[in-house]
Every structure is written in C-alpha cells, then in structure tokens.
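Just below is one structure, and these are the notes that go with it.
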Amino acid sequence: MTIDAHQHFWRYDPARDAWITDAMSLLKRDFLPEQLEPELAANGMDATVVVQVDQSEEETLFLLDLAERSERIAGVVGWVDLRAPGIEERLRFYSQYKKLRGFRHIAQSEPDGYLVGPDFTRGISLLREFGFVYDILIYPRQLPAAIDLVARFPDQRFVVDHLAKPLIKDGIREPWESYIRTIAQNANVFCKVSGLVTEADWQRWTPEDIRPYLDVAFEALGPERLMFGSDWPVCLLAANYRRVKEVLESYVDQHAAQRKENIFGGNAIRFYGLKVAPRGFAA
C-alpha cells in the first residue's frame, strides 16, 4: 500500500492565507481532494495523510470533514493549542476522530526555544495518553530545541517534517547535517522526505542538488524511519507531483530498493497507526 505522508488542502482565503506571497501566486486558489485525486491515480498512490497549514481548530475540523468523505485520506494531522490550560479536554474531544492521528504547529515561525517552553511541553506530555503523534516543522537553526524535546519524551512519537528544511538552494549542509545525525539517535524520531524541491532553487534545481541531503537522511535514520511526502500543492512551486516522487523513487531504487514499500507507505502506516483496507483506502 502506498501512502503520501504529507500533503495539504485548503479553500483559499487571502486574509487567512497571507503566507502565500505574490511569488507563490499559483497557490492562491482552492486545493481539495478532487484536485489531488488524478495525481494520486497517475502516480500509483493509494492514500494520503493531510497536514494542517492554518493554526486553528476550525481548519482541523475542516480537514476531518474532508477525511470522513474521502477514502483517499487515511489520516489527518491537525492543530490544537498545546499551550492552552484546557488542552487535556481538547485532546479528549479529538480522540473521538479515528482519522486524526496527530498535531502540528508552525514552529518554524516561532522563537528558537518555543519547542521546549514549559506550556508547550506540558501539552506534548499529554499526547501519548490519547494516541497522538507530533509533527515537528522547523528550520535547521531550531534543531537543537527539537533534539532537546524528543529526548525529554522518549516514549512519544515525533516526525520531523521536510528533513527540517535544509538550505539546499545555497548548498549548505552544516550544522544541519550534524543536528540531523544527533536527533536520529532517538529511536522515537522519524523524518519525512518531503518539501525538498521548494528548499532548492525553484526554477533550476536538479536531483543532484538534493541527493547529498538524502544521503545524510538515509545514513542517519535508515529506510525504516523515513517516509515519502509530496507536500502537494506547495511542491508545485518547484515541481509537479510526478517529478517530486521520481526524485526519491530514483534514489531509493539505487540505495534501498528492498525497503521501497516501507518508504512509500509502510513506515507512514506504522508511524501514524493508519487503518487501511487491502487496496490502501482507509477502513
């Protein structure tokens, strides 16, 4: 079963979605399951995990509604205010939604120490009780805080989105590489091989630009803790769905072909605890 472990949906709202700049104007429209379906079919993908982009419970409920109506959506990563005094009650509320597998915050836009703040870590400490995982969205400079966070909660499952956004366009690998190798020493940490084309030069990137970063990821985490994510539709800024998949697929065929099914599905199923029927659709 093939799983795209990272993609997004939205109904475009200029006020809410101000993060979509003029340079990203092709994203200024609706992206919904009916637009993604042809891409999944053409690229042999059975199901997806849809991930939040707006920091509101309104969006979380919107994504859950889409998931209820789409067999292709196997899991949802939503948003909730983990720092809120009533967070335990909110987590209990969300535990009724079987496709809600975890949460994420746009931590890349926060101060570097946000992930280890006392209110935030209190919220993190409650996730495992309700069976939720956590997606870490950060830049390389915030990896030290992420390293601290995952070490504090060794029984909590974490996944680093987009390999922590290495500086591919500038060809810079350190200190990102050292940090990735350090965080990978924690067995509770997975990484998504996603969002890399948009960290490269959107117009002129080549697979050769990305391969050194894949080398680090595969050496540090191995093929059992990496999962493919398209980052559709954000990836469209630099590449179509097929090209994004082909970059990783070509690499895996050369370096870890015997684990291909895990990277393109099995690891996501295991990490998120996805319930999927034999054809890959959510049960």
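Just so it is clear, none of the values below were taken in a lab; they were calculated from the coordinates. Because the structure is a prediction, the values reported are computed rather than measured. Counting neighbours? That spans all protein chains shown, and the Cβs are built from the backbone with ideal geometry, glycine included.
Just one of the listed residues (224, 208, 199) is acidic (Asp, Glu) and either surrounded by 19 or more Cβ atoms within 10 Å (Cβ to Cβ) or closer than 25 Å to residue 33 by Cα (or both), namely 199. Quickly run through the stretch 83-113 and pick out the residues that are assigned to a loop (DSSP other than H, G, I, E, B) and either among the acidic types (Asp, Glu) or closer than 17 Å to residue 56 by Cβ (or both). Across the stretch 83-113, the qualifying residues are 83, 84, 86, 97, 106, 110, 112.
Of the residues in the stretch 117-136, at least one is within 21 Å of residue 216 (Cα to Cα), in contact with a helix residue (DSSP H, G or I) (Cβ under 8 Å, 6 or more places away or on another chain) and in contact (Cβ under 8 Å) with a residue 12 or more places away in the chain. Of the candidates 80, 76, the single residue that is in contact with a strand residue (DSSP E or B) (Cβ under 9 Å, 6 or more places away or on another chain) and either in a loop (DSSP other than H, G, I, E, B) or closer than 24 Å to residue 142 by Cα (or both) is 80. Is at least one residue of the stretch 185-193 touching a residue at least 12 places away in the same chain (Cβ under 8 Å), assigned to a helix (DSSP H, G or I) and either under 25 Å from residue 95 (Cβ atoms) or touching a Phe, Trp or Tyr at 6+ places or on another chain (Cβ under 9 Å) (or both)? Looking for residues that are touching a residue at least 12 places away in the same chain (Cβ under 8 Å), assigned to a helix (DSSP H, G or I) and either under 25 Å from residue 95 (Cβ atoms) or touching a Phe, Trp or Tyr at 6+ places or on another chain (Cβ under 9 Å) (or both), one finds none in the stretch 185-193, hence no.
If you go through the stretch 74-114 and keep only what is touching a Lys or Arg at 6+ places or on another chain (Cβ under 9 Å), of a type in the set (Asp, Glu) and surrounded by fewer than 17 Cβ atoms within 10 Å (Cβ to Cβ), you end up with just 112.
Applying the criterion of being part of a loop (DSSP other than H, G, I, E, B) and among the polar types (S, T, N, Q) to the residues of the stretch 200-256, the residue that is farthest from residue 26 (Cα to Cα) is 206. Taking the stretch 114-156 as the range and being over 19 Å from residue 92 (Cβ atoms) and either acidic (Asp, Glu) or assigned to a loop (DSSP other than H, G, I, E, B) (or both) as the test, the residues that pass are 117, 135, 137, 138, 139, 148, 153, 154, 155. It is to be established whether one or more residues within the stretch 126-133 are surrounded by fewer than 16 Cβ atoms within 10 Å (Cβ to Cβ), out of contact with any Pro (no Cβ under 9 Å at 6 or more places or on another chain), more than 20 Å from residue 231 (Cβ to Cβ) and of a type in the set (Lys, Arg). The answer is yes, given that some residue of the stretch 126-133 is surrounded by fewer than 16 Cβ atoms within 10 Å (Cβ to Cβ), out of contact with any Pro (no Cβ under 9 Å at 6 or more places or on another chain), more than 20 Å from residue 231 (Cβ to Cβ) and of a type in the set (Lys, Arg). All conditions but one from (1) surrounded by 16 or more Cβ atoms within 10 Å (Cβ to Cβ); (2) without any contact (Cβ under 8 Å) to a residue 40 or more places away in the chain; (3) of a type in the set (Ser, Thr, Tyr) apply to residue 178; the one that does not is (1). For residue 98, the conditions (1) touching a residue at least 60 places away in the same chain (Cβ under 8 Å); (2) touching an Asp or Glu at 6+ places or on another chain (Cβ under 9 Å); (3) farther than 16 Å from residue 9 by Cβ; (4) charged (D, E, K, R) are fulfilled apart from (2). Of note, residue 165 does not satisfy the criterion of being more than 22 Å from residue 5 (Cβ to Cβ) and either touching a residue at least 40 places away in the same chain (Cβ under 8 Å) or in contact with a helix residue (DSSP H, G or I) (Cβ under 9 Å, 6 or more places away or on another chain) (or both).
When 42, 15, 67 are checked against the criterion of being over 21 Å from the mean Cα position of the chain (by Cα) and either crowded, with 19+ Cβ neighbours inside 10 Å or under 28 Å from residue 226 (Cβ atoms) (or both), 42 stands alone in meeting it. Of all residues in the stretch 9-56, how many are free of Cβ contacts under 8 Å to residues at least 12 places away in the same chain, among the acidic types (Asp, Glu) and assigned to a helix (DSSP H, G or I)? Here the count works out to 2.
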